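One structure below.
The values are calculated or read from the model by the stated rules, or taken from the named source; none is laboratory data. Values in this document were obtained by computation on a predicted structure and should not be read as measured data. Cβ atoms come from the backbone with ideal geometry, glycine included; neighbour counts cover every protein chain shown.
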Amino acid sequence: MVGGNRAGKMKELAEIITAVDGQQIKNHLFHLAKDPLPCRCLNVSRPGVLTNTLYEADRYLISFMQSWGYRIEREIVAVQAFQPDTAVAWGFRKPLPDEPWYAALNIWATRAGQGQSPGAIVLVAHKDSQSWLKCAPGGHDNAIGVAALLEIARILADKLLNSSLRLLFCNEEHWPWTSRAAAQRFSRSDTKALAVFNVDSIAGQSEADRLAGRRPHVLRYGTSEGEELADQIIQLNAELELGLEVRKVHCPKPNDDDGSFLLAGVRPTLLHIGSLPYAEPHYHTLDDCAEVVDIELAAQSTRLIVAAAVDCDRRAAADLNGDMSPKRHILQTTSD
Ligand SMILES: [Zn+2]
């Protein structure tokens, strides 16, 4: 892309991300991880409420997404809750076959693209909280990722995007991870992923980072396409002067919900997370509550993800229009 186009695009991205509102993110986080929902589990219901807390969270998400004009699809996956087990390192074990089964919902929210691009930008966040602990709030893991996706959905609902925008709210703290079914179905569809961003624990950080006032943001990739995306995002952070300490980490073995997409053959996939190796001290404890999440860090990371999503859309549109990517520019000038 030639210099003028890039400057214009960066100006546009800078304008779009000013709409990210930390208060909106905080409202969603507290609703999902404190009041009224103390957790998001298929095996935990609030007193006097007939349905479980994860279904209550589902309804909350769907009502917002529909109010912004997204089309909702529900995909049912049979899962079991993990079980507490202090004899193993993480304090939980996989369920046994005869333990209870539940119907978990993958919720897909889609906004069709308004341009020629057949591609999709896919944003993923797991919405459940630790089912093996009785009523763990999962503020960092991953109510904040869900809150960030809701804020991204709000902001992009009225933006002109050439590509479609697909948000997947899945479940990774029950077994099996429901993103596996979603990713396999997605990979069999006609839709080409321009990017898949798994947003999980974006404000999670070590005590040392917190004390030093650092603003970490890690991009984990497993393919060359993922690394290329990570490099573009590192550049966006610098040019937009977001002040995050963004670094990329290679992961040779697919894992988590981004791993589900990689295993399904969807290559331009990244995990956005606060720290790696994950050093958030509240990880998978009953103290991982809404109050311990750094909202400003989450908001800044959300701005970066919004910018990255729109940047992917603009790149795809430019490619489609035969615009000048650096590589093409060189090819064209040398062949003249
Ligand atoms: Zn998580």
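Some observations on this one:
- Strands (runs of 3 or more DSSP E) (entirely within the range 216-313) containing at least 1 residues that are closer than 22 Å to HIS31 by Cα: 269-273
- Test: residue in the range 187-195 that is more than 16 Å from the ligand (Cβ to nearest atom), without any contact (Cβ under 8 Å) to a residue 24 or more places away in the chain and not in a strand (DSSP E or B): yes
- Yes/no for ALA203 being part of a strand (DSSP E or B), buried (at least 24 other Cβ atoms within 10 Å of the Cβ), among the small types (Gly, Ala, Ser) and touching a helix residue (DSSP H, G or I) at 6+ places or on another chain (Cβ under 9 Å): no
- Between ARG166, ARG111, the distinction of being surrounded by 22 or more Cβ atoms within 10 Å (Cβ to Cβ), charged (D, E, K, R), under 23 Å from TYR55 (Cβ atoms) and without any contact (Cβ under 8 Å) to a residue 60 or more places away in the chain belongs to ARG166 only.
- Exactly one residue among PRO118, PRO97 is modelled with pLDDT under 95 and surrounded by fewer than 14 Cβ atoms within 10 Å (Cβ to Cβ), and that residue is PRO97.
- Residues (basic (Lys, Arg) and closer than 26 Å to GLY8 by Cα) located in the range 215-260: ARG247
- Residue match in the range 173-192 (condition: under 29 Å from LYS9 (Cβ atoms), touching a helix residue (DSSP H, G or I) at 6+ places or on another chain (Cβ under 9 Å), buried (at least 24 other Cβ atoms within 10 Å of the Cβ) and at pLDDT 95 or above): no
- Residue satisfying all of: in the range 225-272; among the small types (Gly, Ala, Ser) and under 26 Å from THR18 (Cβ atoms); surrounded by the fewest Cβ atoms within 10 Å (Cβ to Cβ) among these: GLY243
- Selection count, the range 249-303, where residues are small (Gly, Ala, Ser) and within 28 Å of ALA238 (Cα to Cα): 7
- Number of positions in the range 158-181 that are charged (D, E, K, R), away from the ligand (no atom under 15 Å from the Cβ) and assigned to a loop (DSSP other than H, G, I, E, B): 2
- Checking each residue in the range 273-287 for being surrounded by fewer than 16 Cβ atoms within 10 Å (Cβ to Cβ) and more than 21 Å from VAL124 (Cα to Cα) picks out PRO281, LEU286, ASP287.
- Single unsatisfied condition, ASP209 versus (1) more than 16 Å from the ligand (Cβ to nearest atom); (2) surrounded by fewer than 24 Cβ atoms within 10 Å (Cβ to Cβ); (3) at pLDDT 95 or above: (3)
- The range 134-146 residues that are over 18 Å from SER301 (Cα atoms), paired with ones that are among the hydrophobic types (A, V, I, L, M, F, W, C) (beta carbon under 6 Å, 6 or more apart): CYS135/CYS39; CYS135/VAL44; ALA136/CYS39; ALA136/LEU286; PRO137/ALA33; PRO137/CYS39; PRO137/CYS289
- Some residue of the range 137-157 being part of a strand (DSSP E or B) and either more than 16 Å from the ligand (Cβ to nearest atom) or aliphatic (A, V, I, L, M) (or both): no
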